[in-house]
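To keep things clear, I will list the structure first and then write my remarks on it.
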Amino acid sequence: MKTYLITLFMLLIVNAFSQKYEENFNRGYQKYKSGDYYSAIVDFDNSLKIDPQNFFTYFYRGLAKNDFGDYFGAIIDFTKSIEINPSYTNSYVNRGLSKKNLEDYRGAIIDYNMALTLDPNNEYVFVNRSEAKSKLKDFHGSIEDLDKALEINPLLYEGYFNRGLKKAILQQFNEAIEDFNKALEINPNFSNAYWGRGISKVHLGLKESGCIDLSKAGEMGFLEAYSSIKIHCN
């Protein structure tokens, strides 16, 4: 009877701690979703005091720290999440994003590589790795990653736009225009693509058509288009 009561008492304590953990985590999650990152971090702190080996809480505290601007703190949390659960893809992806925010592009690429080992069909990891490669001026490698992302998701209009930008940088203006056209075919309201197509046309000597695209981009809210119009169209 004594052993039974001790066991029952211990179960009640465990359940109480579990409930307290969930209350703190759920409160932190809701605050994170609403953009109150500082308060979310405090709640995740309290959750980790109860369960210091919960990789998911480190992951979400990392997200909150990243969005709060504490990129180094976010990297520490994502690293702890990975130590506890090395197979959780999103920890590598988001550690890569935090490294990118600190301009550690090579470190970000290493994390994206690991994420793709775990999830080889994740289009957004290819997109993020493409951007990191672009920052290192590896435009050919950046295009290759966007090729892979678009193979996985042919409706990824931002992917066509970004690939068009890289091709324009490499002065492949005709190919860039094809990508901007594809982006606009999928999303006719994507002002960035009008801007990219306009710039590419101007570089091909198609000034009138290019400037019309730039004007359309500005009309749709892409403010940088007017700076381009001053340079190329007047």
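Bear in mind that the values in this text are calculations on the coordinates, not laboratory data. Being a predicted model, the structure only gives us computed values, none of them experimental. All Cβ positions, even for glycine, are placed from backbone atoms using ideal geometry, and neighbour counts span all protein chains on display.
The rows are residues; the columns are (1) over 19 Å from N85 (Cα atoms); (2) out of contact with any His (no Cβ under 9 Å at 6 or more places or on another chain); (3) surrounded by 15 or more Cβ atoms within 10 Å (Cβ to Cβ).
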{"residue": "K20", "(1), (2), (3)": "yes, yes, yes"}
{"residue": "N26", "(1), (2), (3)": "yes, yes, no"}
{"residue": "Y32", "(1), (2), (3)": "yes, yes, yes"}
{"residue": "D43", "(1), (2), (3)": "yes, yes, yes"}
{"residue": "L48", "(1), (2), (3)": "no, yes, yes"}
{"residue": "D51", "(1), (2), (3)": "no, yes, yes"}
{"residue": "F55", "(1), (2), (3)": "no, yes, yes"}
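Scanning for something over 23 Å from L165 (Cβ atoms), surrounded by 22 or more Cβ atoms within 10 Å (Cβ to Cβ) and either charged (D, E, K, R) or without any contact (Cβ under 8 Å) to a residue 24 or more places away in the chain (or both), does segment 107-124 turn up at least one residue? Within segment 107-124, one or more residues are over 23 Å from L165 (Cβ atoms), surrounded by 22 or more Cβ atoms within 10 Å (Cβ to Cβ) and either charged (D, E, K, R) or without any contact (Cβ under 8 Å) to a residue 24 or more places away in the chain (or both). Checking segment 202-216 against the condition returns no match, with no residue being under 28 Å from E144 (Cβ atoms), under 25 Å from the mean Cα position of the chain (by Cα) and crowded, with 20+ Cβ neighbours inside 10 Å. Looking across segment 70-105 at every residue that is closer than 18 Å to P52 by Cβ and of a type in the set (D, E, K, R), the one that is farthest from the chain's Cα centre (by Cα) is identified as E83. Taking the listed residues F173, F161, F180, the one that is surrounded by 17 or more Cβ atoms within 10 Å (Cβ to Cβ) and either farther than 19 Å from V127 by Cβ or touching a Phe, Trp or Tyr at 6+ places or on another chain (Cβ under 6 Å) (or both) is F173, with no other qualifying.
Filtering A108, A149, A115, A132 for residues that are over 19 Å from Y71 (Cβ atoms) and under 14 Å from the mean Cα position of the chain (by Cα) leaves a single hit, A149. Residues that are assigned to a helix (DSSP H, G or I) and in contact (Cβ under 8 Å) with a residue 24 or more places away in the chain within segment 198-217 comprise G198, I199, S200, K201, V202, H203, K207, K216, A217, listed in sequence order.
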